[in-house]
Structure formats: C-alpha cells, structure tokens
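Enquirer: Following this message is one structure expressed as structure tokens.
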Protein chains: 2
Amino acid sequence: MASDKRRLPLIKESDLGLCTDLYQLTMAAGYFENGIEHTSTFELFVRGFPPKRSYLLAAGLEQAIEYFETMHFDDDAIAYLRSHPAFGNVSKGFFDCLRTLRFTGDVHAVPEGTVVFPDEPILRITAPVMEAQIVETYLLTTINFETLIATKASRVAAAARGKPVADFGTRRAHGPQAGLWAARACFIGGCTATSNVLAGSVFGIPVVGTAAHSWTMAVDSEEEAFRRYQEVFPDNTILLIDTYDTLEGARRVVELGLPVQGVRLDSGDLAALSRKVRKILDECGLTETKIVASGDLNEYRIDELLTGGAPIDLFGVGTEMVTSKDAPALAGVYKLVEQKEDGRVVPKLKTSAEKETYPGAKQVFRQTDSEGTFQRDILTTSDDPRAGIPLIQEVMREGKRLDDPLPLDVIQKEAKAQLARLDERYRRLEPEAAYPVEVSESLRKLTDETRRAICE
Amino acid sequence: MASDKRRLPLIKESDLGLCTDLYQLTMAAGYFENGIEHTSTFELFVRGFPPKRSYLLAAGLEQAIEYFETMHFDDDAIAYLRSHPAFGNVSKGFFDCLRTLRFTGDVHAVPEGTVVFPDEPILRITAPVMEAQIVETYLLTTINFETLIATKASRVAAAARGKPVADFGTRRAHGPQAGLWAARACFIGGCTATSNVLAGSVFGIPVVGTAAHSWTMAVDSEEEAFRRYQEVFPDNTILLIDTYDTLEGARRVVELGLPVQGVRLDSGDLAALSRKVRKILDECGLTETKIVASGDLNEYRIDELLTGGAPIDLFGVGTEMVTSKDAPALAGVYKLVEQKEDGRVVPKLKTSAEKETYPGAKQVFRQTDSEGTFQRDILTTSDDPRAGIPLIQEVMREGKRLDDPLPLDVIQKEAKAQLARLDERYRRLEPEAAYPVEVSESLRKLTDETRRAICE
C-alpha cells in the first residue's frame with residue numbers, strides 16, 4: 001500500500017543505489033544470472049536541440065563523478081529489492097553482488113562549460129555491464145538538468161550584454177534540490193549571483209538579496225520600511241519600490257535622502273518605469289543608485305528591454321531560467337556503443353525507427369580558424385587521429401577520479417571563453433544557422449559495417 | 001571564490017535553514033533589529049492557470065509539514081551567514097535567535113489531492129513574522145512543484161481512460177530529487193506505478209520496469225535476449241521489441257512461444273505498430289499479452305492514440321509528465337494577508353500593478369448540487385459562515401502536526417473522487433469553461449476598506 005514511509009524524502013547518500021529505474025536492476029539481474037560480465041561502453045549524448053537552442057553548454061559532470069564515487073546498495077536497499085516481486089526468481093548471489101558493488105569503470109567526458117552539439121558524446125563510460133547499466137538513470141537526470149539550465153542561463157546572460165544577472169528562481173524550481181542545482185548551472189552559464197543561500201554555502205556562489213513586498217507591508221508605511229531597512233543594511237540597501245506605486249516609491253527614496261545602493265522594480269511596464277525612475281533618481285543626484293529589475297524575465301524580455309534602452313543595471317531572473325521554461329527538458333540519451341567480448345571490441349548500434357545511433361567509442365575534434373573561432377566539429381571514432389582540439393578527456397579510471405574538481409568560477413570563465421569563440425550567428429536568441437558537425441569517414445564506415453553485421 | 005565546497009550536493013536536514021532566499025534572512029534580521037515580532041498570516045495561492053489548465057490538484061503538503069517540523073539553523077549555517085557581507089551590521093542577538101529558531105506557527109491547508117483554483121489559498125501560515133518569512137522559499141518550491149506535476153499527471157491519467165499509466169520520467173526530471181518527488185505527485189494524480197525504485201522504497205508506490213535496448217544489444221541476437229530475459233523473470237516478462245524492427249520483434253516473440261506478459265513499443269508510429277503487433281499476437285493466440293507503449297507520450301498523444309483505437313494496454317510516460325513540459329512552472333505566490341498588532345488584527349494587501357491581492361485570512365466554501373457535482377466556490381473571509389464544504393483545514397498548531405500523514409493511495413483516491421465531481425467541461429484537455437470562483441461580499445468589503453486605509 002502506497003504511503004509516505006519516510007519523513008522528509010530528501011535523497012541521502014545511502015539512497016543512491018536505488019535512485020534508478022527498475023529495469024536497470026532487472027537487466028543487472030539478467031546479466032548476473034546469465035553470466036554476462038563483459039565490459040561495456042555507453043555514451044551519453046543529445047539527439048537534437050530543444051526549440052530555439054543552437055548550442056548546449058555541458059554541465060553536471062562534477063555531480064556525476066561524485067555519484068560514481070558514492071553510489072552503493074546498503075542493507076535496507078537490498079532488503080527492499082528482495083521484497084519486490086520482480087526479483088522472485090533471482091538468486092541470492094545477485095544480491096550479494098549488489099551489496100559489494102561499487103563503480104569501477106573508466107569515465108571520459110567533455111569538461112563542464114564546454115560548448116557541445118547534438119550527437120557529440122558529453123560523457124562515455126566503460127565498465128562491467130552491470131555497473132554501466134545501473135548508473136544510467138541518475139547520470140542522465142544529472143547531466144540533462146545541469147546542461148539544460150547552464151544553456152538557458154548562458155542565453156539570459158548573453159541577452160543582458162554584460163550587465164549582471166542574478167538567479168532568483170528557487171521558489172519556482174522543480175523542488176528545493178532542483179533550485180540548488182539550478183543555481184550552480186546558472187552560475188556556469190554566466191549568472192553572477194544567486195538568491196539561494198544554500199547555493200552560497202555549498203558552492204561558494206555570491207548570494208544577493210533585497211527585501212520583499214511583505215517587508216514593506218509589515219510596517220506602518222513604505223517610508224518607515226525604507227528607513228528601517230537602510231539602518232540595518234547600510235552598505236547593502238536595495239529597496240523594493242513597487243509595493244504600492246513605483247514612481248511614488250522612487251520619489252520617497254529621494255525625499256528620504258537615504259544613501260541606497262539600488263532600487264528594485266518587480267511589476268508593471270519595466271521599460272517605461274525604469275526610465276521614469278532613473279529620471280527621478282538622476283534629478284536628485286542619485287546617479288549612482290542602480291536599478292534592479294525582476295518579474296517574469298527571460299532572455300527575450302531582457303533583450304527587448306535593453307534594445308529599447310531601458311536603464312536597468314541588474315536583472316533578477318527566476319522561473320523562466322531555472323525551469324528553462326521555453327524548453328524545459330533536454331533529451332539526453334545513454335546508449336551502448338561497444339562491448340568487449342573475449343578480448344575483442346564489438347561495436348553496437350540500435351536501428352529502431354528514427355533512433356539509430358552511431359556505434360563505437362567516439363572522439364570529437366573541434367577545428368578553429370587562425371583567430372581561434374570554432375569552424376567545425378568532427379565526430380569520429382576514438383582511435384582516429386585528427387587535427388583539432390579533442391573535446392573528450394579521461395576523468396575517472398577504474399572508479400577513481402583523476403583530478404580535483406575545477407572551481408566553479410574557472411568553469412564559468414571557460415564557458416564564457418568558449419561561447420566567445422562560437423560565431424555570433426550560432427548563438428542568436430533566434431538561431432539562424434546550424435554549427436557544422438561532420439561525421440568522419442571512419443565513423444561512417446564503422447556504422448555501415450555494424451549495421452550490416454546486425455542485418456545478416 | 002566560487003567552487004564546489006562539498007561533495008555530492010544533496011540537501012540534508014541540517015541544510016534546511018539555509019535553503020531559502022537571502023532576502024528572507026535579511027528581512028528576518030530587519031525584523032529582529034527593529035523589534036518587529038508580531039504574528040503574521042501569509043497565504044500561498046496561484047494567481048492564474050498555466051496554459052491549458054482549468055483546475056489544479058493540490059500536492060506537496062506532507063513535504064511542507066515535514067519541512068516545518070525539521071527546519072533549523074546549525075552552527076555551520078550560522079557561521080556561513082555571519083561571514084556574508086550583508087549581515088555586517090547585524091547584531092549577535094539575531095544569530096542567537098536563529099540558532100534556536102524552530103517553526104512554531106499554525107498551518108491551515110487544503111488536503112493533498114484537493115481540486116483548487118486560482119486565488120484560493122492552498123496553505124495559510126500564522127506565525128511570528130520572522131518564521132513565516134524564512135519558510136517562504138522552500139514552501140513555495142515544494143507546493144508549486146508537487147501541485148504542478150500532480151495536475152499534469154491527472155490530465156495524462158484522464159487521457160488514458162482507465163488504462164494504467166506508469167511514470168518513466170526520472171531521467172529527464174530536473175535532477176534526481178525532482179524525479180523522486182515527481183513520482184509521488186504522478187501517483188497522486190492517478191498514475192498506477194513508477195519506474196523509480198527509490199520512489200517505491202520511500203513512498204511505497206508500485207515499481208515497474210521491463211528492459212532497455214541495451215539488454216537486447218548486449219547479447220548475440222534479439223532471440224537470445226528475449227529467451228534469457230524470460231528465464232530470469234518468468235512471471236514478469238515484458239519484452240522491448242523495437243530495438244531493430246518492431247514487427248520482426250513481435251513475430252520473434254510469437255515464434256519463440258514464450259509465455260510473456262507483454263511487449264513494449266518505444267519508437268515509430270505507435271498507432272499503426274500497435275495494431276499490427278496486436279494482430280501478430282492475436283493470430284497466434286497470444287490474446288492475453290499486453291501492449292505497452294512509451295516514447296515522448298503526453299495527454300494529447302495518448303488521447304489521439306486511444307481515440308484512433310490503438311490497442312495499447314498500458315502507457316509509460318516520462319519527460320512530458322515529470323517536467324509538465326507544456327507548462328513547466330506553477331506561479332504560486334506567498335503573500336502577507338494580515339498581522340496582529342497589539343492584539344488587533346490588521347488586514348494587509350499589496351496594490352502594485354496587476355498584482356493586487358485579497359487581504360485577510362480566507363476560507364473557501366465549495367457548493368455542490370444534489371448529486372455532489374461541484375457547482376461553485378466562494379472565496380471569503382475566514383470568519384464568514386457559509387453553506388458548502390470548507391476546503392481549508394487546520395493541519396499544524398504551534399509547530400506540531402495535528403494528524404498522521406495520509407497514506408498516498410488514500411490521497412490518490414480522494415483526488416480521483418474530487419475530479420469525478422468536477423463537471424467534465426472543466427477538465428477537458430483543451431479547457432472550454434472556467435469553473436466559477438466567486439468572491440464574497442465580506443471579502444470585497446474587506447478589500448475595499450484595506451485599500452482605502454493604505455491610500456489614506
């Protein structure tokens with residue numbers, strides 16, 4: 001009978017084993033019972049762009065690595081599985097095997113903050129088939145979500161043309177954990193700060209905040225609300241001025257003569273109001289007081305505001321960014337591309353309708369012009385020596401990470417540098433051209449051969 | 001400097017204090033420093049429907065209650081806050097206060113699985129202002145997400161017309177935690193099962209699964225894959241038949257003469273393929289073998305398939321349901337509606353552009369006809385005695401829950417019963433009519449009086 005069996009269902013480290021789809025575990029049992037133990041290689045990639053996207057910003061690798069390092073099945077997890085009717089005919093040996101299972105595979109991946117395109121592997125796992133199978137679900141949800149949001153945030157940051165963007169989205173994210181992870185992805189994508197305090201504590205992202213309408217409403221008057229806030233936060237006063245009437249709010253700030261760093265507009269016609277507020281502030285010499293805008297913003301709205309000359313200095317973006325609202329899912333997939341059988345590497349592909357995959361472990365070479373601008377990518381077999389920057393690097397060997405985590409601001413800078421090397425027409429808000437990803441001769445040959453071998 | 005400071009950034013119980021927006025904590029400091037300690041009442045409600053929605057199914061209350069019971073600030077949390085520049089002028093007393101802070105408020109809410117409409121409070125908190133403020137962010141993200149997904153799932157379940165729907169969405173959810181919580185919300189909305197094993201362990205939801213293409217590709221032939229799977233799972237064999245060619249896959253099932261419970265189609269033209277597969281199975285007497293369909297399904301697609309007579313027995317729905325892809329955010333808000341000042345209750349409202357709120361603690365009465373069909377809701381002041389079913393009930397008093405959690409299947413049944421009492425035209429996939437929510441005379445009067453008091 002379905003019921004909430006545990007208080008506060010937050011995922012714990014000891015839950016990570018079960019944090020997968022049942023079929024990964026039934027397949028694992030199938031491999032075990034049939035003595036199938038070969039080493040498999042799976043690749044994670046995106047089949048096609050979500051609407052309006054013309055590049056993706058890879059993210060989530062660090063969380064994936066930490067999952068590989070931690071994932072296991074404790075006694076409670078094993079007990080739950082043994083009680084599930086699907087496993088009624090499965091031998092005790094399988095559960096003993098799960099109990100000691102740790103991820104021992106090799107992982108290759110593109111670094112976080114790398115610009116990637118459809119069909120290009122973001123991550124490749126080579127591991128005993130049972131391990132490679134079980135990790136699929138958690139790996140996909142992690143890379144899919146972080147990449148989705150980093151990509152969206154990079155669009156928002158681009159629209160803001162260098163003006164700072166803060167993530168204000170946790171309240172509309174898909175739960176508190178999604179809010180925390182979104183803050184990380186938004187920072188990678190170019191946001192300068194977040195309102196999520198835990199994201200500051202956990203990731204070191206700068207945390208910003210002002211006050212809400214409830215502050216203004218909690219005291220007797222807007223005037224009193226402004227004065228009292230400024231007293232407590234003299235170096236950090238951004239006053240929300242639209243609780244009752246935005247322009248009166250702005251005049252009140254001026255009349256009070258408070259040394260405030262900024263004012264925030266959260267409703268109404270932001271283009272018109274920001275102009276009028278700027279005028280009110282400037283006429284009284286408050287030329288240094290910044291205007292912060294928030295309220296259902298996204299890359300299109302910000303672009304429109306700045307194109308129209310709205311004097312807004314900082315954007316707070318929430319819902320639209322942390323849910324990637326115009327394209328709220330990334331269809332990353334995880335496909336078997338080869339396996340080792342008796343020392344021989346056998347390439348694999350799926351031929352089902354519209355979903356054919358390229359077989360074999362792959363590499364992507366990125367070719368640039370003399371100024372460093374990306375010209376094209378070559379998707380090829382992993383052993384094909386090519387000119388260009390190889391995007392995929394080894395990050396774990398036999399279950400151990402090879403390098404310390406990169407600091408988030410290093411990832412953010414790398415993402416920014418990469419985007420600067422992508423021709424402007426591939427990063428318009430309304431994409432006009434598709435960046436060229438070419439499939440190499442050797443990969444085409446391998447695909448044909450593999451398809452033929454299956455059809456015979 | 002931003003960096004991943006902690007391995008595996010999963011939210012822990014001790015993180016719940018910081019799992020909020022900074023401005024909640026700066027306002028809390030503002031209240032503390034100004035000696036503002038009154039009791040405040042906030043209500044959580046949705047301003048308007050997301051596209052295509054004509055009702056909402058409230059969910060997330062249990063997670064919210066567990067948060068209220070658990071949320072606190074430990075030493076690390078306090079140390080982080082003290083290090084944040086915003087709090088440079090805030091006295092030690094505030095941090096001492098935070099260190100012992102627990103939620104001591106009263107909570108009123110509509111039960112999970114209740115059909116609700118815009119402007120109707122889903123939850124009301126009456127607590128010391130500092131507590132009521134700090135909990136806003138976590139509360140919103142929890143109720144917004146669970147309500148969003150329960151609502152979406154109820155549309156998918158309705159489209160399936162009584163045929164079972166399983167949630168297959170974790171891999172495309174907004175991270176693993178969102179996948180787990182989505183499974184819960186999908187079950188409330190009417191799904192019969194999930195593929196997420198942890199959701200089975202934590203919530204007791206039935207967990208289902210078949211096999212993936214990688215299973216078929218891992219062995220020498222499709223025939224071998226089918227036979228081996230059936231041997232390990234004789235009572236629970238659903239074979240995925242589209243890895244190479246769906247109809248050949250179906251014929252292979254028949255030729256092998258395996259006693260399989262079902263076959264799954266995951267690609268191609270599901271309407272045509274399901275018919276052909278049904279014919280192949282039936283012709284060989286496998287009339288009991290079910291057809292499971294998956295692959296980018298949603299309520300519109302399922303409706304189309306069943307309207308066209310596709311012989312599909314069970315639907316696996318992923319991405320579209322767990323991200324509520326056509327409307328991926330619910331704009332629930334949390335607004336101050338009244339506060340107690342010197343024993344006097346003062347109603348509050350915000351008048352900013354297009355965002356005016358109704359003041360005062362409220363109740364919703366639902367009126368039905370003699371057959372129990374919902375006729376209209378009356379949104380009114382909490383002290384207004386009215387005919388009808390009062391939707392809002394007390395669930396916590398002084399920080400303590402009043403009742404044990406409801407079993408999830410009870411919530412699911414209640415949701416189903418409620419939806420059956422909602423006239424069919426208010427639950428079409430393409431809504432045609434708006435269910436009437438009337439604002440009572442007493443609430444209108446209070447709104448006018450409150451607005452006048454502010455404008456004076």
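Every number here is computed from the coordinates shown, using simple stated rules; none is lab data. Not measured: the values here are computed from a predicted model. Cβ: placed from backbone, ideal geometry, glycine included. Neighbour counts: every protein chain shown.
Enquirer: For A:Ser83, place a label point 7 Å out from Cα along the Cα→Cβ vector, do the same in each other copy, and report the separations in nm, one decimal, smallest first.
Expert: Label point to label point, same position, other copies: 4.1 nm.
Enquirer: Could I ask something else about it? Considering only Cα-Cα distances, which of the following residue pairs are longer than 18 Å: A:Lys163/A:Lys416; A:Lys335/A:Lys362; A:Lys290/A:Lys413; B:Lys362/B:Lys413?
Expert: A:Lys290/A:Lys413; B:Lys362/B:Lys413
Enquirer: Rounded to whole Hz and in sequence order, give me ³J(HN,Hα) for region A:314-322 from the Karplus expression 6.51 cos²θ - 1.76 cosθ + 1.60, θ = phi - 60°, writing x for Gly and Pro.
Expert: 8, 10, x, 10, x, 2, 4, 7, 7
Enquirer: How much mean residue ellipticity at 222 nm does chain B get from its helices, if each DSSP H run of length 4 or more adds -39500 (n - 2.57) and you divide by all residues, to the nearest 500 deg cm²/dmol?
Expert: -11500 deg cm²/dmol
Enquirer: A:Glu341's amide H: which non-local residues (gap 5+, or another chain) put their own amide H closer than 5 Å, with H modeled 1.01 Å from N in plane and none for Pro or chain starts?
Expert: A:Val346
Enquirer: Okay, next question. Could you size up the charge dipole of chain A around its Cα centre, putting +1 on the beta carbon of Lys and Arg and -1 on that of Asp and Glu, and report it in debye to the nearest 20? Mind dumping the intermediate values first?
Expert: Details: 54 positive and 69 negative charges, 83 e Å.
Magnitude of the dipole: close to 400 debye.
Enquirer: ³J(HN,Hα) across region A:388-399 via Karplus (A = 6.51, B = -1.76, C = 1.60, θ = phi - 60°), whole Hz, x for Gly/Pro?
Expert: Running phi through 6.51 cos²θ - 1.76 cosθ + 1.60 with θ = phi - 60° gives x, 8, x, 7, 9, 10, 6, 10, 9, 10, 6, x Hz.
Enquirer: Would you work out which of B:Val156, B:Leu139, B:Leu123 lies farthest towards the positive end of the dipole of region B:119-161, given +1 charges on the beta-carbon of Lys and Arg and -1 on that of Asp and Glu, about the Cα centre?
Expert: Positive-end residue among those listed: B:Val156.
Enquirer: Also, quick follow-up: For A:Arg344, go 7 angstrom from Cα along the Cα-to-Cβ vector, then report the distances to that same point in the other copies in nm, smallest first.
Expert: Copy-to-copy label distances for A:Arg344: 9.1 nm.
Enquirer: A follow-up question, please. Hey, what D do you get for chain A in µm²/s if you plug the Kirkwood alpha-carbon radius into Stokes-Einstein at 10 °C and 1.306 mPa s?
Expert: 65
Enquirer: Please work through chain B and write down the cysteines that have no neighbouring cysteine Cβ at a distance under 4.7 Å.
Expert: So far as the 4.7 Å Cβ criterion goes, B:Cys19, B:Cys97, B:Cys284, B:Cys455 stand without a partner in chain B.
Enquirer: Right, something else. Which whole number gives the average count of other chain Cβ atoms within 10 Å of the Cβ atoms across peptide A:135-145?
Expert: 5
Enquirer: Partner chain Cβ atoms within 10 Å, averaged over the residues of B:27-33 - can you pull that number for me?
Expert: Whole-number average of other-chain Cβ neighbours for B:27-33 is 5.
Enquirer: Within 13 Å, Cβ to Cβ, of B:Leu286, how many net charges do the neighbouring residues add up to if Lys/Arg are +1 and Asp/Glu are -1? Please list the in-between numbers first.
Expert: On the way: positive: B:Arg251, B:Arg252, B:Arg278, B:Lys279, B:Lys290; negative: B:Glu255, B:Asp282, B:Glu283, B:Glu288, B:Asp313.
After counting each charged neighbour, the total is 0.
Enquirer: If you wrap a convex hull around the C-alpha atoms of region A:150-322 and split its volume per residue, what is the figure in Å³?
Expert: Working: hull volume 18.6 nm³, N = 173.
Cα-based convex hull of region A:150-322, divided per residue, equals 108 Å³.
Enquirer: Please figure out what share of the DSSP beta bridges in the protein assembly as shown is antiparallel and state it in percent, rounded to the nearest 5. Don't skip to the answer; put the middle values down first.
Expert: On the way: 78 of 116 bridges.
Roughly 65 percent of the DSSP beta bridges within the protein assembly as shown come out antiparallel.
Enquirer: Just how large is the dipole of the protein assembly as shown about the Cα centre, in debye to the nearest 20, putting +1 at every Lys and Arg Cβ and -1 at every Asp and Glu Cβ?
Expert: On the way: 108 positive and 138 negative charges, 130 e Å.
Dipole magnitude for the protein assembly as shown comes out near 620 debye.
Enquirer: Shifting gears a bit: Quick one: B:Phe374, A:Phe68, A:Phe168, fewest Cβ neighbours within 10 Å first, how do they rank?
Expert: Least to most surrounded, the residues fall as B:Phe374, A:Phe68, A:Phe168.
Enquirer: Can you give the percent of C-alpha pairs in region A:110-246 whose distance is more than 24 Å?
Expert: Tail of the P(r) past 24 Å holds 48 percent of the pairs.
Enquirer: Copy-to-copy spacing for B:Glu438, label 7 Å out on the Cα-to-C-beta vector, in nm, shortest first?
Expert: Result for B:Glu438, in nm, nearest copy first: 7.3.
Enquirer: Which of B:Leu44, B:Ser442, B:Val202 sits closest to the plus end of the dipole of chain B, meaning its Cα is farthest towards the positive end, when Lys and Arg get +1 and Asp and Glu get -1 on the C-beta?
Expert: Farthest along the dipole direction, towards plus: B:Ser442.
Enquirer: Now for a different question. Where does region A:129-208 land on Rg(C-alpha)/(2.2 N^0.38 Å)?
Expert: 1.20
Enquirer: Give me the one-decimal nm value for the distance between modelled label points at A:Glu432 and A:Glu223, 7 Å along each residue's Cα-to-Cβ direction.
Expert: It is 5.4 nm.
Enquirer: What residues have an amide H closer than 5 Å to that of A:Val439, excluding those fewer than 5 places away on the same chain, when H is modeled at 1.01 Å from N in the peptide plane?
Expert: Result for A:Val439 returns A:Leu379.
Enquirer: Further, regarding this structure: Which of B:Lys52/B:Lys340; A:Lys52/A:Lys350; B:Lys12/B:Lys350 have a Cα-Cα distance over 30 Å? Write down the numbers at each step before the final one.
Expert: On the way: B:Lys52/B:Lys340 39 Å; A:Lys52/A:Lys350 28 Å; B:Lys12/B:Lys350 35 Å.
Listed pairs above 30 Å: B:Lys52/B:Lys340; B:Lys12/B:Lys350.
Enquirer: Under 5 Å between amide H atoms, partner at least 5 residues away or on a different chain: which partners does B:Gln375 have, H built in plane at 1.01 Å?
Expert: Amide H neighbours of B:Gln375: B:Gln367, B:Thr368, B:Asp369.
Enquirer: Further question on the same structure: Please report, largest first and rounded to whole Å, the three semi-axes of the ellipsoid equivalent to the protein assembly as shown, where each semi-axis is the square root of five times an eigenvalue of the C-alpha gyration tensor.
Expert: In descending order the semi-axes read 47, 33, 24 Å.
Enquirer: Please turn the phi angles of region B:379-386 into ³J(HN,Hα) values with the Karplus equation 6.51 cos²θ - 1.76 cosθ + 1.60 (θ = phi - 60°), one per residue in order, whole Hz, x for glycine and proline.
Expert: In residue order, the calculated couplings are 8, 8, 5, 5, 9, 8, x, 9 Hz.
Enquirer: For labels at B:Lys12 and A:Lys12 in the simple 7 Å Cα→Cβ model, what's the distance in nm?
Expert: Once both label points are built, they end up 1.1 nm from each other.
Enquirer: What is the ratio of the Cα radius of gyration of region B:262-323 to 2.2 N^0.38 Å, where N is its residue count, to two decimals?
Expert: The reported ratio for this selection is 1.10.
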